[in-house]
Amino acid sequence: LSLKGSDLKSHVVVEMQDVDNRELVNMIGGNMVEVIVAHDVIGRLMIQCARAPGLAHVLENMMGFEGAEFYLKNWPELTDQTFMDITCRFDDAIPIGIKTTKEDGTTEIFLNPNNDMRIREGDEIMVLAEDDDSYDINDGSYPVKKTKPSKLHKDDVPQPEKMLFCGWRRDMSDMIKDLEDSVAPGSELWLFNTVPAKERTTLLLDKGNKEELALKNLTLKQAVGNPIVRKDLQNIKEAATDEKIGLDEFDSVLILADSVAIDHGADMESSDSRSLASLLIIKDILKKEALRKRLSGEATAKEADPISEILDTRTRSLLRVVECAGYVMSNQIVSAAIAQVAECRDLNAVLGELLSARGNEPHIVPITHYLDVGCEDNPCSFWDICRLARLRHEVAIGYKPAEVEWAEAGETILNPPDKGEPRRWDVKDEVVVIAE
């Protein structure tokens, strides 16, 4: 209110802790305010990363100030070109959207627009690039390769998932709603923490501030136990039915910075210590169970790659010592998002969409979705992959070679160099895309 009464010319970025207060701030601040709800951002971020662990490294690169960032610029030379036409027009950037002005004077950014959307006079192209002066348009002479798109695979059809959330957050209800929008029918979410099962329904309602959950895709399973106690992790069972489940049966495991411990005085360091302990125990249990099954000749499914929320950036060095790549630096990413929105307010809507279950969001898909690696079209360039991705209404923004871990693939996972140079793709290569 104080800022609104001044003659401030710039926009104001407001960080909120509760999504329910967003409308109040927008009502007071009007057009001068950009609201970022930290808990909301972190919750959606954690869900995305738990379901596709490599996304933690993608989002950390995308939302930080090192490596590729978002930039908007008008290119008169590209007026009347379609979005498909400009796929290969930037050697050092990846076009991901178009900012256009509507008849009423308001602007809108279209992420991953239709291939036939034309760039009008005055439109700006949103790209991922190293800096605002690090890229330029090329002469458009890259030859379009007549590569045949790969056929759709069975795993394109969403399958039911089993997920485990270790720990409790005060915005758990919002996280569950976001997850409900993302998963296939028949999926299960197990909540494993020290909060008594009978109290959780009340906590999810947040003293009447939240609506009762109406879930169609998800089934909630309440399990009581301590995520840093090995015995409890080896004996997870639903409180109401005593149904048991092993850690190896989950498709994804998410370790949250437990608000119960924080409410009892835990600081960031001690909270990270709990998360790290839980992460190491879970990884050890999964490793030993996989070994037992191999020795006994039992069929083994793909191991879940547990993801832990880390609050203190100093904990990263400990994770590297114990060779744990499954973590999300939640506070660091939110801080970077706030800084980016402060620099360019258009990014608030963009980041909100990328972190939402609705609209476009980042995905990691196998190269075989675009290319039959054993066919005559291989080798081909990243630009060829970009054009094949456009045929599926996706924007390819980077890739991870099979022989490189996500933590070491910073050069290629966003805006890779040498986009027009042919490379031989491996069947285990993965492509980072923005898609609905």
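Which of the residues that make up the range 21-60 are open to solvent by 40 Å² or more (accessible area, probe 1.4 Å), touching a helix residue (DSSP H, G or I) at 6+ places or on another chain (Cβ under 9 Å), of a type in the set (D, E, K, R) and within 22 Å of Leu205 (Cβ to Cβ)?
Within the range 21-60, just Arg22 meets the criteria.
Do you know which residues across the range 282-300 are over 17 Å from Arg230 (Cα atoms), surrounded by 11 or more Cβ atoms within 10 Å (Cβ to Cβ) and among the hydrophobic types (A, V, I, L, M, F, W, C)?
Hit for the range 282-300 is Leu291, nothing else.
Could you figure out which of (1) assigned to a helix (DSSP H, G or I); (2) modelled with pLDDT under 90 isn't true of Asp232?
Of (1) assigned to a helix (DSSP H, G or I); (2) modelled with pLDDT under 90, only one is false for Asp232: (2).
Return only the number of the condition from (1) more than 14 Å from the chain's Cα centre (by Cα); (2) open to solvent by 10 Å² or more (accessible area, probe 1.4 Å); (3) in contact (Cβ under 8 Å) with a residue 60 or more places away in the chain; (4) under 24 Å from Ala50 (Cα atoms) that Gly398 does not satisfy.
(2)
Could you check the range 104-126 and list, in sequence order, the residues that are touching a Ser or Thr at 6+ places or on another chain (Cβ under 7 Å), closer than 14 Å to Leu78 by Cβ and outside any loop (DSSP other than H, G, I, E, B)?
Arg118
Against the definition (among the charged types (D, E, K, R), within 14 Å of Val41 (Cβ to Cβ) and in contact with a helix residue (DSSP H, G or I) (Cβ under 8 Å, 6 or more places away or on another chain)), how does Glu353 come out, yes or no?
On the way: among the charged types (D, E, K, R): yes; within 14 Å of Val41 (Cβ to Cβ): yes; in contact with a helix residue (DSSP H, G or I) (Cβ under 8 Å, 6 or more places away or on another chain): no.
No.
So which residues in the range 230-260 are surrounded by fewer than 16 Cβ atoms within 10 Å (Cβ to Cβ) and among the basic types (Lys, Arg)?
Arg230, Lys231, Lys244
Residue check, Asn115 against (1) in contact with a helix residue (DSSP H, G or I) (Cβ under 6 Å, 6 or more places away or on another chain); (2) at pLDDT below 90; (3) open to solvent by less than 70 Å² (accessible area, probe 1.4 Å), all met but one. Which one?
(2)
Inside the range 242-257, can you point out the residues that are in a strand (DSSP E or B) and closer than 17 Å to Ser308 by Cβ?
Correct list: Ser252, Val253, Leu254, Ile255.
Which residue, of Val350, Val328, is of a type in the set (Val, Ile, Thr), closer than 24 Å to Ala435 by Cβ and at pLDDT 85 or above?
Result of the check over Val350, Val328: Val350.
Does at least one position in the range 387-394 carry a residue that is open to solvent by less than 10 Å² (accessible area, probe 1.4 Å), modelled with pLDDT of 90 or more and touching a helix residue (DSSP H, G or I) at 6+ places or on another chain (Cβ under 7 Å)?
Looking for residues that are open to solvent by less than 10 Å² (accessible area, probe 1.4 Å), modelled with pLDDT of 90 or more and touching a helix residue (DSSP H, G or I) at 6+ places or on another chain (Cβ under 7 Å), one finds none in the range 387-394, hence no.
Mind counting the residues in the range 409-436 that are open to solvent by 10 Å² or more (accessible area, probe 1.4 Å), farther than 27 Å from Ser141 by Cα and more than 18 Å from the chain's Cα centre (by Cα)?
Total satisfying the criteria: 3.
Considering only residues that are over 14 Å from Leu355 (Cα atoms) and either without any contact (Cβ under 8 Å) to a residue 12 or more places away in the chain or hydrophobic (A, V, I, L, M, F, W, C) (or both), which ones fall in the range 42-75?
Listed by number, the residues that qualify are Phe65, Glu66, Ala68, Phe70, Leu72, Trp75.
With the range 150-229 as the region, which strands (runs of 3 or more DSSP E) entirely inside it contain at least 1 residues that are β-branched (Val, Ile, Thr) and open to solvent by 30 Å² or more (accessible area, probe 1.4 Å)?
218-224
When you scan the range 331-348, do you find a residue that is in contact with a Gly (Cβ under 8 Å, 6 or more places away or on another chain), over 21 Å from Ile86 (Cβ atoms) and open to solvent by less than 30 Å² (accessible area, probe 1.4 Å), even just one? Can you show your working first?
Taking the range 331-348 as the starting set, the residues that turn out to be in contact with a Gly (Cβ under 8 Å, 6 or more places away or on another chain) are 332-333, 336.
When the remaining residues are screened for being over 21 Å from Ile86 (Cβ atoms), the result is 332-333, 336.
From what's left, open to solvent by less than 30 Å² (accessible area, probe 1.4 Å): 333, 336.
Yes.
Identify all residues within the range 30-71 that are part of a helix (DSSP H, G or I) and charged (D, E, K, R); write none if there are none.
Passing the criteria: Asp40, Arg44, Arg51, Glu60.
When the residues of the range 118-147 are filtered to those that are more than 26 Å from the chain's Cα centre (by Cα), of a type in the set (A, V, I, L, M) and under 21 Å from Lys419 (Cα atoms), which remaining residue is most open to solvent (accessible area, probe 1.4 Å)? Quick ask: steps written out before the conclusion?
Just the residues of the range 118-147 that are more than 26 Å from the chain's Cα centre (by Cα), to begin with: 118-123, 133, 136-147.
From what's left, of a type in the set (A, V, I, L, M): 119, 137, 144.
Adding the requirement that they be under 21 Å from Lys419 (Cα atoms) leaves 137, 144.
Working: Ile137: 35, Val144: 78 Å².
In this case the residue turns out to be Val144.
Could you check the range 401-434 and list, in sequence order, the residues that are over 27 Å from Leu111 (Cα atoms), charged (D, E, K, R) and without any contact (Cβ under 8 Å) to a residue 24 or more places away in the chain?
If the condition is that a residue be over 27 Å from Leu111 (Cα atoms), charged (D, E, K, R) and without any contact (Cβ under 8 Å) to a residue 24 or more places away in the chain, then Glu403, Glu408 are the ones that fit.
The values are calculated or read from the model by the stated rules, or taken from the named source; none is laboratory data. Here the structure is a predicted model, which is why all the values come from computation and not from measurement. So basically every Cβ, Gly included, is an ideal-geometry build from the backbone, and we count neighbours across all protein chains shown. Note: areas computed on protein heavy atoms with side chains; ligands, DNA, RNA excluded. Shrake-Rupley method; radii C 1.70, N 1.55, O 1.52, S 1.80 Å.
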